[in-house]
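What follows is a short report on a single structure.
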Amino acid sequence: PVVRGMEVEEKPNVRYTDIGGLEEQIGQIREVVELPLTRPELFREIGVDPPKGVLLYGPPGTGKTMLAKAVATESGAAFIHVIASEFAQKFVGEGAKIVREVFELARKRAPAILFIDEIDAIASKRIDVGTSGEREIQRTLMQLLAEIDGFKPLENVRILTATNRIDVLDPALLRPGRFDRLIEVPLPDAAGREKIYSIYLGRMKVKGEVDVKGLAAESEGLSGADIKNVCVEAAYVAIREGRAYVTNQDVFKALKAVLNKREAKVKERT
Ligand code: ATP
């Protein structure tokens, strides 16, 4: 299924066990997204409406997209993935129409998860409606809100959205019946970082013991995406030295390189 030449339906293969840490977030998502999709009769019988929309918020690279993909996989639901900034930018004058078509597709493919990433691009309260581009964004948002309002809670489609900038979101988006369930996806704590290292190193050829606890302790402030990057870098360290396996030392070396790079970037900005 294609909307305006965009391939919006994906077949993710992410399981909950591929996600390091975020146990609490996974628990919440199972309750408010997976359960209504797999056991709608529970909600019907007891007489409550599950939330239509869930907002995932937190820093970049912490696993928001992964969570959305995993719940689709685990619920056996179709996964429709769009990036809000593309609604308005790619097809000037057609943002609202595209929103309508995407929702139509999600209904057709139900049970489905509709994941809208970077929602702040069309739902920021700082957008004033001066230029025609801003009016276009405004119309796109209006259409999105109308689509969500038009949904019946037990239609077999759940809408997930994500942002790094919850502080700029238009409160209209968060009103009851819209994205009224907020789930914070923070940077991983030490235990989470340790799990993320174990997941990625577990998929690589490693020789000897790796001190994942020590790595986690020295990785404060890194996201899941950063930690994955450290593991990939470690593989390059090994390859450069003509080895087909990674050692503890390689991973620490890679971590140091990644931390140095980050520090240089911070300095550049200040
Ligand atoms: P963005 O805000 O930049 O879209 P995001 O929060 O959606 O980020 P993801 O796209 O889910 O982040 O994560 C990027 C990549 O980092 C993932 O594909 C995965 O490889 C890795 N990653 C991030 N968080 C985790 C985690 N908790 N466990 C395992 N891998 C992770």
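Nothing in this text is a laboratory measurement; each read-out follows from the coordinates by a stated rule. All values derive from a computational prediction rather than experimental measurement. Because the Cβ atoms are built from the backbone with ideal geometry, glycine has one as well, and the counts that use them run over all protein chains shown.
Annotations
- The alpha carbon centroids of the range 134-201 and the range 6-74 are separated by 11 Å.
- Amide hydrogen neighbours beyond the local backbone of S124, cut-off 5 Å, H modeled: D170
- Hz values of 3J(HN,Hα) by residue in the range 218-223 - Karplus curve (6.51, -1.76, 1.60), Gly and Pro given as x: 8, 10, 4, x, 7, 8
- Full-extension gain in nm, K261 to D180, via 0.36 nm per residue minus C-alpha separation: 25.3 nm
- Amide proton proximity set for F79, modelled H, under 5 Å, gap of 5+: E10, I113
- At R0 = 41 Å, FRET efficiency that the Cβ-Cβ distance of D211 and S85 yields, to 0.05: 0.50
- Residue (of A146, G130, Y197) at the positive-pole extreme of the chain, dipole from beta-carbon charges: Y197
- Applying the criteria of a DSSP loop state and at most 11 other Cβ atoms within 10 Å to the trypsin sites (Lys or Arg not before Pro) of the range 126-220 yields R126, R203, K205.
- Ranking P176, L187, A235 by Cα position along the charge dipole of the range 174-270, where only Lys, Arg, Asp and Glu carry charges on their C-beta atoms, puts P176 farthest toward the positive end.
- Among the listed pairs K125/K267; K69/K228; K69/K256; K11/K64; K195/K256, a Cα-Cα separation exceeding 21 Å is found for K125/K267; K69/K256.
- Computed from the C-beta positions of R15 and M204 and an R0 of 22 Å, the FRET efficiency is 0.75 to the nearest 0.05.
- Residue-averaged 222 nm ellipticity for the chain, from DSSP H runs of 4+ at -39500 (n - 2.57), nearest 500: -14500 deg cm²/dmol
- The aspartates and glutamates whose alpha-carbon is closer than 14 Å to the alpha-carbon of K108, local same-chain residues fewer than 8 away aside, are E9, E155.
- Placed amide H near V3: partners under 5 Å, 5+ positions off or other chain: V8
- Couplings for the range 77-85, taken from phi via the Karplus curve 6.51 cos²θ - 1.76 cosθ + 1.60 with θ = phi - 60°, read 9, 5, 10, 9, 10, 10, 10, 4, 5 Hz in order; Gly and Pro are left as x.
- In the chain, the longest principal axis of the Cα atoms and the axis of helix 132-150 are about 80 degrees apart.
- Each peptide in 106-118, 252-264 gets a packing score, the mean of other Cβ atoms within 10 Å over its residues, and the list from highest to lowest is 106-118, 252-264.
- Charge dipole of the range 1-153 (Cα centre as origin; +1 on each Lys and Arg Cβ, -1 on each Asp and Glu Cβ, all else neutral): 320 debye, rounded to the nearest 20.
- ³J(HN,Hα), Karplus 6.51/-1.76/1.60, whole Hz, each residue of the range 264-269, x for Gly, Pro: 4, 5, 4, 4, 4, 6
- Rounded to the nearest 20 debye, the dipole magnitude of the chain is 520 debye, with +1 charges on Lys and Arg beta carbons, -1 on Asp and Glu beta carbons, and the Cα centre as origin.
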